[in-house]
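A quick write-up on the structure given underneath.
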Amino acid sequence: MKKILVLSDSHSYFDEALKIFEKEKPDIVIAAGDGIKDIDELSYVYPEAKYYMVKGNCDFFDRSHNEENLFEIDGIKIFLTHGHLYGVKRSLSSIKEIGKKLNVSLVVFGHTHKPYIEKDGDIVLFNPGATEDGRYGVIILENGNMQLFHKQL
């Protein structure tokens, strides 16, 4: 079993990200931007976890992270982006389209600050909500099965 912590939009509320990490004790952290510096700091405090992260529209000065990340965990293909490039505040059609084009099982995004989960065919869209508000997501991977949860501190 793998426990994955999903964070987004911490906006310099590092203490929230730290409290959430310490509460959940994950194996992996997926971070969808707007507070990339917070997640970098978290990775220094807890280097034993594996980190997948992207920068968001508010991470202007970051030059060390991409705006998109495509990766696989235990055979589950994941597309990670902040969401601003796909206009997620207006519609989820573009982000669904890229997920289908990339043939992923899971699309993780942030930007809206609102927890969201939707299964659309073979794709799940997942927004953990804003870490700055104490909101986050947890994904449990076990034997090829994926369970997703929204949580709050």
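Could you check how many residues of region 138-147 are open to solvent by 20 Å² or more (accessible area, probe 1.4 Å) and either at pLDDT 95 or above or under 21 Å from PHE21 (Cα atoms) (or both)? The qualifying residues number 4.
Report, ordered by the first and then the second residue, all pairs with beta carbons closer than 8 Å, sequence separation of six or more or different chains, a first member in region 135-153 that is on the phi > 0 side of the Ramachandran plot, and a second member that is outside any strand (DSSP E or B). Cβ pairs passing all conditions: GLY144/ASP74; GLY144/GLY75.
Select from region 39-55 the residues that are within 22 Å of TYR86 (Cβ to Cβ) and in contact with a strand residue (DSSP E or B) (Cβ under 9 Å, 6 or more places away or on another chain) and list them in ascending order. Of everything in region 39-55, those that are within 22 Å of TYR86 (Cβ to Cβ) and in contact with a strand residue (DSSP E or B) (Cβ under 9 Å, 6 or more places away or on another chain) turn out to be ILE39, TYR52, MET53, VAL54. Within region 4-21, the set of residues being of a type outside the set (Ser, Thr, Tyr), surrounded by fewer than 24 Cβ atoms within 10 Å (Cβ to Cβ) and part of a loop (DSSP other than H, G, I, E, B) comprises just one member, HIS11.
Screening ILE123, ILE78, ILE95 for residues that are more than 21 Å from ILE28 (Cα to Cα) and of a type in the set (Val, Ile, Thr) leaves exactly one candidate, ILE95. Of all the numbered requirements in (1) open to solvent by 40 Å² or more (accessible area, probe 1.4 Å); (2) over 27 Å from LYS25 (Cβ atoms), ARG135 misses one, and that requirement is (2).
Any idea which of (1) modelled with pLDDT of 95 or more; (2) more than 17 Å from VAL6 (Cα to Cα); (3) not hydroxyl-bearing (Ser, Thr, Tyr) is the one ASP120 doesn't satisfy? Result: ASP120 passes all but (1).
Any residue at all in region 56-69 that's open to solvent by less than 30 Å² (accessible area, probe 1.4 Å), within 12 Å of the chain's Cα centre (by Cα) and either of a type in the set (Phe, Trp, Tyr) or at positive phi (or both)? No, region 56-69 has no match at all. Pairs meeting the criteria (first residue in region 98-126 and farther than 21 Å from ASP9 by Cα, second residue modelled with pLDDT under 95 and in a loop (DSSP other than H, G, I, E, B), beta carbons under 9 Å, at least 6 apart or on different chains) are LYS100/GLY121; LYS100/ASP122; ASN103/ASP122; VAL104/ASP122; SER105/GLY75; SER105/ASP122. Scanning region 90-124 for residues that are within 20 Å of LYS55 (Cβ to Cβ) and surrounded by 20 or more Cβ atoms within 10 Å (Cβ to Cβ) returns ILE95, GLY99, VAL104, LEU106, VAL107, VAL108, PHE109, GLY110, HIS111. Hey, any hits in region 25-37 for a residue that's in a strand (DSSP E or B), touching a Phe, Trp or Tyr at 6+ places or on another chain (Cβ under 7 Å) and in contact (Cβ under 8 Å) with a residue 60 or more places away in the chain? Within region 25-37, one or more residues are in a strand (DSSP E or B), touching a Phe, Trp or Tyr at 6+ places or on another chain (Cβ under 7 Å) and in contact (Cβ under 8 Å) with a residue 60 or more places away in the chain.
The values are calculated or read from the model by the stated rules, or taken from the named source; none is laboratory data. Note that the structure is predicted; figures quoted are calculated from it, not measured. Please note: Cβ atoms are built from the backbone with ideal geometry, for glycine as well, and neighbour counts cover all protein chains shown. The area values use the complete protein model at the heavy-atom level, side chains included, leaving out ligands, DNA and RNA. Shrake-Rupley method; radii C 1.70, N 1.55, O 1.52, S 1.80 Å.
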